[in-house]
Amino acid sequence: MPGIPSDSSSLIPFALEGSSQPPPVYPLQHGLRAPIHRIHISWSRGNLLNVTCLRPPPDQQEEMAREDDEIGGKAVEVLLGGAILEGNIGEHKRRRIAYESVKSYAFLHDKKISLAKMETGDNLSAPALTYWWQYTLEYSKSIRDILGNARLHRPLIEDPKNFLKPEEVEQPIGTKAAWELMEIFYVDMQLLSWLPERLVDWLEGYDSLLSKTETVHSKLAILQRKVTSMRVVEDEPGYWNGLAAALAVGWLDVVAKLLRLHGSYDPDQFDKRETENGLVEAVVLLVSEMPRMRPNLPNGKLGICYQTKHDYIKGLEKWRVKVSGLESSPFWVHCNHRPTRDGLINLLHILLGDAKHIADATSHWLELFISHLLYIRPLTNGLEGMGNLAEKCMNLKPSANNGLTSLLAGILSENPEIVLADCLKAFGPWIVAHAVDLLTANSEYTDGLLNEERYQLGGASIGELYMLVYAQALASHPLTWQVAPAYLSTCLNQGRGLLEILLLRQPVQNYRVVLKTLEICHLYELGNISTHIMKMAGMYQWKHGHKGLGIYWFQQSRDKTRLSQIAHKLFDNIGKSLSDDSFKQWEGLMELLGSDVGIAGGLEFLHKYREFKRSLQQIVNGGTVEAAKKSTELLVQLMRNPSTPQRFWLPLLLDSVKLLEWRSGPLLGVSETNLLLGKLQELSMAKLRPDFHGGELKPNALGDVRLALAKNLGRAILEES
């Protein structure tokens with residue numbers, strides 16, 4: 001793969017022509033010392049690259065001097081796409097998310113199928129349409145829980161100078177931030193009346209993902225580290241800048257904690273700062289009483305909630321009168337500390353919605369955008385006018401775009417295709433495959449746009465195409481392929497065929513994998529594929545020497561053709577060598593095959609032949625006359641049976657020599673002996689044919705049998721006379 005030459009610790013792909021964004025830099029954690037002699041790059045599974053870094057071969061003269069250097073090299077994997085926002089997600093966590101999210105996805109689509117059965121005419125019934133967004137909201141919340149809940153690391157002793165929330169054990173991930181952003185704008189209809197406040201909550205959780213240096217969170221993090229060593233915090237410009245930034249984005253609890261760190265609260269001070277302290281406390285009270293258009297507030301959050309627009313407007317007017325009154329109060333003349341006076345008045349201007357002061361306090365365009373919604377346009381409902389506002393904020397605060405800002409810009413443009421494309425580029429195929437249901441929850445237009453069959457896509461829709469992309473990513477990994485069928489089964493046009501291909505390509509050498517594949521076939525009613533897989537498993541096991549397991553799979557697939565071929569082969573092998581050891585070698589397969597397989601009664605003969613051999617063994621071990629008579633009866637049955645092959649006649653008669661020479665008297669009568677002599681005569685004539693195969697027997701076997709039969713015939717004649 002071509003790329004811009006860089007140092008040995010990073011990989012930089014070429015930027016596209018006309019692209020305004022710089023190419024991303026992917027670090028290589030190979031741990032080798034420079035120089036790197038050669039780098040080989042190849043595709044791995046999904047969106048991973050295999051990068052092999054090779055060291056230069058040591059010279060002959062320097063070999064002794066470089067004994068401690070690395071010899072050879074190292075191979076590493078590089079994840080393409082979403083490296084900044086999702087760099088802290090390991091492979092194990094991705095697999096966990098993939099396995100747990102499929103349950104929620106399948107439940108939602110099962111609910112969709114059940115609602116489709118309630119159709120009246122061409123449309124769903126009114127209750128189904130009314131409550132569908134609630135089903136989608138439950139689905140969205142379950143996915144959000146799967147992506148992880150913040151676990152806070154709380155110290156045993158709280159530091160009064162800590163104004164930021166406790167440090168999270170796991171850093172927030174961009175995928176969850178993007179998911180919540182789409183839930184806010186597309187799913188939860190109850191949020192429309194308090195959308196600015198919901199965006200304030202979202203920004204508080206994910207502001208650190210927007211940028212490492214140009215955010216309110218980064219300012220407050222720097223201030224948090226410095227405030228412990230500050231003796232007089234109000235003298236530091238960073239203190240007032242942090243206060244203004246936190247207030248601009250609506251983090252009222254942080255503002256109150258910071259203001260309470262003001263030096264005028266110190267009981268050991270010598271200066272008379274009562275008026276100054278009163279002004280600070282007045283601002284704290286105003287911040288704590290700020291009207292908020294939302295149903296409720298989490299514990300520890302400040303403000304007064306209003307659930308109706310009428311009550312909120314009345315409360316806002318009264319509160320702004322108080323803020324304006326404090327701004328024009330004569331008590332400011334008695335505040336001798338100028339940074340405090342200027343800083344508090346700046347906070348009051350922000351509370352009154354002064355656009356200039358808000359713009360100065362924020363760092364990122366998205367923070368400025370949310371600040372405008374909170375203080376200047378608090379009654380915003382829906383996306384109306386948000387696109388123009390976001391564009392103005394981008395012009396005022398140019399910031400480097402990442403996946404989250406691009407996603408929000410796509411949402412405000414009201415173009416779902418751009419939203420899905422940005423999600424795929426920044427966060428990978430998982431979120432796109434699951435977000436289609438969010439985008440279509442409350443919009444018939446979006447539903448038609450994303451689920452419309454397109455000729456250019458082979459009859460698939462845009463939503464189905466993204467589903468197939470994610471299913472392909474799952475199928476490319478041996479630990480997640482079994483999740484892919486749940487998504488392929490929902491793709492009506494191409495999913496069924498790809499599902500069959502996926503199942504047929506699974507390895508059949510592993511018994512558990514085969515069982516899992518057959519379970520999936522049963523779940524999705526793929527009987528033909530199941531039969532084919534069992535035949536493949538049987539062929540593999542048979543070719544690799546596992547005869548019994550191969551026969552088992554052939555029996556499960558009811559493959560009478562191959563079972564018959566195996567029976568023929570078994571019949572031939574037993575016929576070539578009819579020694580006791582050879583017969584025991586194939587006895588287990590005879591047991592597995594049973595006697596219901598075709599080949600003109602061949603296996604039925606082999607089972608009777610096995611019974612005959614067992615009876616002979618009992619005679620050898622000291623059997624009685626009754627056992628000998630039973631063996632004789634089995635011999636006569638076998639010789640009379642037309643399914644007994646001719647090449648078995650002589651081995652049967654040779655094994656029966658002990659019966660023919662029984663000491664206490666003849667076991668065969670005259671007619672039975674003549675039957676055996678007739679078979680022997682036919683066998684003598686058959687030996688003249690070139691295609692005759694008599695098995696591996698001793699050369700004088702025919703003579704020995706003839707002599708034994710003659711003796712038995714003589715004794716039988718004497719006994720019957």
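Some notes on this structure:
- With both labels modelled 7 Å from their Cα along Cα-to-Cβ, the E611 to Q456 distance reads 7.4 nm.
- Highest average first, the peptides 484-495, 519-530 ordered by how many other beta carbon atoms sit within 10 Å of their residues are 484-495, 519-530.
- The Cα atoms of the range 412-533 give a gyration tensor whose axes a ≥ b ≥ c have a/c of 1.5 or more with a/b greater than b/c, which makes the shape prolate.
- Efficiency of FRET from Cβ geometry, S324 and E274, R₀ 22 Å, rounded to 0.05: 0.40
- Taking amide H as placed 1.01 Å from N in the peptide plane, I304 has its amide H under 5 Å from the amide H of M290, R292, each at least 5 places away in sequence or on another chain.
- For the listed residue pairs K103/K212; K543/K608; K608/K679; K219/K356; K141/K425, the alpha carbons are over 25 angstrom apart in K103/K212; K543/K608.
- Computed from the C-beta positions of K392 and Q565, the FRET efficiency with R₀ = 60 Å rounds to 0.15.
- Alpha carbon centroid spacing (whole Å) that separates the range 259-318 from the range 504-549: 69 Å
- Packing-based ranking, highest mean first, of 296-309, 239-252 given that Cβ atoms within 10 Å are counted: 239-252, 296-309
- Of the residues E183, E500, ranked by 1.4 Å probe accessible area with the largest first, the sequence reads E500, E183.
- Listed residues D110, D437, D201 arranged by accessible area, highest first, probe 1.4 Å: D110, D201, D437
- Proximity of backbone amide H atoms, modeled 1.01 Å from N, is registered between G73 and R55 at under 5 Å, excluding neighbours fewer than 5 places apart on the same chain.
- Partner lysines for K309 [C-alpha distance under 22 Å; skip if fewer than 8 residues away on the same chain]: K301, K318, K322
- 3J(HN,Hα) along the range 481-488: 4, 6, 7, 4, x, 4, 8, 5 Hz, from the Karplus curve 6.51 cos²θ - 1.76 cosθ + 1.60 with θ = phi - 60°, whole Hz, x for Gly and Pro.
The values are calculated or read from the model by the stated rules, or taken from the named source; none is laboratory data. These numbers come from a predicted model, not from an experiment. Counting neighbours? That spans all protein chains shown, and the Cβs are built from the backbone with ideal geometry, glycine included. Surface areas here come from the heavy atoms of the whole protein model, side chains and all, with no ligands, DNA or RNA. Shrake-Rupley method; radii C 1.70, N 1.55, O 1.52, S 1.80 Å.
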